[in-house]
Each structure stands twice: as structure tokens, then as C-alpha cells.
1. Please go through segment 108-122 and pick out each residue that is part of a loop (DSSP other than H, G, I, E, B) and within 24 Å of Ser184 (Cβ to Cβ).
2. Would you be able to tell me the number of residues in segment 226-242 that are without any contact (Cβ under 8 Å) to a residue 60 or more places away in the chain and either among the charged types (D, E, K, R) or surrounded by 14 or more Cβ atoms within 10 Å (Cβ to Cβ) (or both)?
3. What number of residues within segment 179-221 are out of contact with any Lys or Arg (no Cβ under 6 Å at 6 or more places or on another chain), modelled with pLDDT of 95 or more, surrounded by fewer than 20 Cβ atoms within 10 Å (Cβ to Cβ) and among the acidic types (Asp, Glu)?
4. Do we have any residue at all in segment 270-290 that's closer than 14 Å to Ala120 by Cβ, in contact with a Lys or Arg (Cβ under 9 Å, 6 or more places away or on another chain) and surrounded by 18 or more Cβ atoms within 10 Å (Cβ to Cβ)?
5. If only one of Ser26, Ser35 is small (Gly, Ala, Ser), surrounded by 15 or more Cβ atoms within 10 Å (Cβ to Cβ) and touching a strand residue (DSSP E or B) at 6+ places or on another chain (Cβ under 8 Å), which one is it?
6. Return the pairs, sorted by first residue and then second, in which the second residue is at pLDDT 95 or above and of a type in the set (Asp, Glu), the first residue lies in segment 182-205 and is in the same structural domain as Gly137 (by TED's automatic domain parsing) and over 30 Å from Pro89 (Cα atoms), the beta carbons are less than 9 Å apart, and the residues are 6+ apart or on different chains.
7. Return the only residue of Glu173, Glu219 being within 21 Å of Val94 (Cα to Cα), among the charged types (D, E, K, R) and either assigned by TED's automatic domain parsing to the domain that holds Ala136 or assigned to a strand (DSSP E or B) (or both).
8. Could you tell me which residue of segment 91-109 is farthest from Ala235 (Cα to Cα), considering only residues that are crowded, with 24+ Cβ neighbours inside 10 Å and touching a residue at least 60 places away in the same chain (Cβ under 8 Å)?
Amino acid sequence: MVLTHDADVSGSTRLFAVLGSPIAHSLSPLIHNTSFAHLGIDADYRAFEVPAERIGEAIDDIRALGIAGCNLTMPLKRAVLPYLDGLSPAAELVGAVNTIERDGERLIGHNTDGGGMTRAIREAGGQISGSRVVLAGAGGAALAICAQFGLEGAAHVSVLKRANETFAAAREEIERLAGATDCSMSLVDWGDGAAVSEEVSSADILINATPIGMGEKSESSPFSADDLREGQFVADAVYHPRVTRLLTDARERGATPVEGIGMLLWQALLAEEIWLGDELAASGKQITAEPILPVLANAGL
């Protein structure tokens, strides 16, 4: 790893990092360095390009250099597993790691992706325990969210997915998550309009974990506006644009919209809680998203 000099970095500055490939687009340095500055933490957060085949070397570097903690993005979230000393319940359940904690000489893998979504919903006033959830999508992020709802005591999670060649495998994964968390879960064919409408209209929490709402699909929504209702919490994992068609529909129907920027921020800030929790508790300082939002707005988000 090659580090560049920064005038405000001293010999006592702790180094944190994000590893991935590609990594130049990552917002993690902006988010974490803004948060560290707000908290008065003497730390510096950097991004490093690490392809999957070199993750073992990178983990050796983290151990040798005393890096205080790090994040992982694609394609490293699963590739890192053999090189760690332990996993949190969420990381073990999902089989993927996005945060590494240094615990003495041990490196512990965590997954805050799902927790970022549940925290964003709770910050908006939603309740996770006992809730009925409908989740659009069955990719990696969706399954992390599904697992986290199970861990936090949701009553039922319905996952919407097209009935294609991966449907059976997705059903097996949903059944595994349900068994591991004692949360009732089901996989619903997205092409069954009547079943989907019934699921959506009866849910307490609706979540989009698909690309619908961004890019060429920016005028689309995964859920029919007619099925949304007052009292629901409607969350989007899409954060660009900040206000998607789904969130506009939710507000018009009297539901509470939860922007994707919340998940983006809280999956990062939950990592800081893992790294700095005891230190911040002793100082009375509290991690918050507020100082980061205007910085992201200046960056076009």
C-alpha cells in the first residue's frame, strides 16, 4: 500500500481504509473523514484498489501496519472470508463482509448493509420488531436486508422476485435465512400481480432493493402507487436520485418515505460504531448523519 502525505496527519493518526476494485468512485473516504472531523477523532480514511486475487495480501498488510479498521466493497465481500478470525452474526448469516474490526490481534468481519437499512427506517420512526415487510429484489444487498430484518425480529418478510432460472436457488436461500432467524419468510413471484398487490397493501414496511428508480428506470417504481397506503414506511436503496418515483408515490399516498441516502450513510456509520463505540461512549460523543448530509449534497447527492 502506498500512502500520500497529508499535512494534518501525524504519527498518532489512526488509519482506516476501504478496499475494492474499482474503488475510485467510492464515497466512503468523504463520509468517514467528514464524520471523523466532526467527532474530533484523529483518524484518516483512505481508499485502496485491491482485486479479489490479492485480498489475502491486503489482509496481511492490515495486520502488519496496524490499520484500525476497514470496509470492503465488491469483489471482496466474500473473497475475504477465509482470511478473518471471526464473523459477527449478520456476516455469518449473509456470508459476506463489508466491515472489518480490529479486536487486539484478531480481525472480525461484520456486515452492516442490512443494518444500514433498518437503522434508516428506525430513524424515520419505523419499528422493525413485529413488522410485516415486503422487499423487492433478491440480490446480495436484498438478502443482507432480509437477514437483518430476521435478526431484528420482524414478523414476516416477503421477497419479490421474477420466476426465472434462479428462482429455486433464491427460495432455498430465503428458507435458510428464515430457519436461522426464526422469522417467517416467503418468496413471491413478481409476475403474480394479485399476490404482489395483496402483499404490498398489507405490509408495514416496503423496500426497494433493485435498480428500479435510477438511470434509464428513473421514472419507474417497483410497487404500484395504488397499493401504497397511509401508515406504511417505504424505503428505497436507490440514492441517486435522492427522491425516486417510489418515494414520491409514497408521500402522495400518505406513507412515510425513507430515502436511500439513509441506508448509504448508516451502513457506513454503523461501521464507525463498531470501530469507535467504546471510545465515543466514554467521551459522550455521538455518531450522527447530520454533518455528512450537506457534504454529500455538495457532491451532487
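1. First pass over segment 108-122, keeping only residues part of a loop (DSSP other than H, G, I, E, B): 111-112.
Within segment 108-122, Asn111 is the sole residue that qualifies.
2. Step one: of segment 226-242, the residues without any contact (Cβ under 8 Å) to a residue 60 or more places away in the chain are 226-232, 234, 236, 238, 241-242.
If we keep only those that are either among the charged types (D, E, K, R) or surrounded by 14 or more Cβ atoms within 10 Å (Cβ to Cβ) (or both) too, we end up with 226-230, 232, 234, 236, 238, 241-242.
The total comes to 11.
3. Total meeting the criteria: 3.
4. yes
5. On the way: Ser35 fails: touching a strand residue (DSSP E or B) at 6+ places or on another chain (Cβ under 8 Å).
Matching residue, one of Ser26, Ser35: Ser26.
6. Pairs found: Ala195/Asp189; Val196/Asp189; Val196/Asp227; Ser197/Asp226; Ser197/Asp227; Glu198/Asp227; Ser201/Asp226; Ser201/Asp227.
7. Details: Glu219 fails: within 21 Å of Val94 (Cα to Cα).
Testing whether each residue is within 21 Å of Val94 (Cα to Cα), among the charged types (D, E, K, R) and either assigned by TED's automatic domain parsing to the domain that holds Ala136 or assigned to a strand (DSSP E or B) (or both) leaves just Glu173.
8. Within segment 91-109, the first condition is being crowded, with 24+ Cβ neighbours inside 10 Å, and the residues that meet it are 91, 94, 96-100.
This time we only want the ones that are touching a residue at least 60 places away in the same chain (Cβ under 8 Å), so: 98-99.
Numbers: Asn98: 21, Thr99: 23 Å.
Only one residue tops the list, namely Thr99.
The values are calculated or read from the model by the stated rules, or taken from the named source; none is laboratory data. These numbers were taken from a predicted model, which means no experiment stands behind them. No Cβ is skipped: glycine too gets one built from the backbone with ideal geometry, and neighbour counts run over all protein chains shown.
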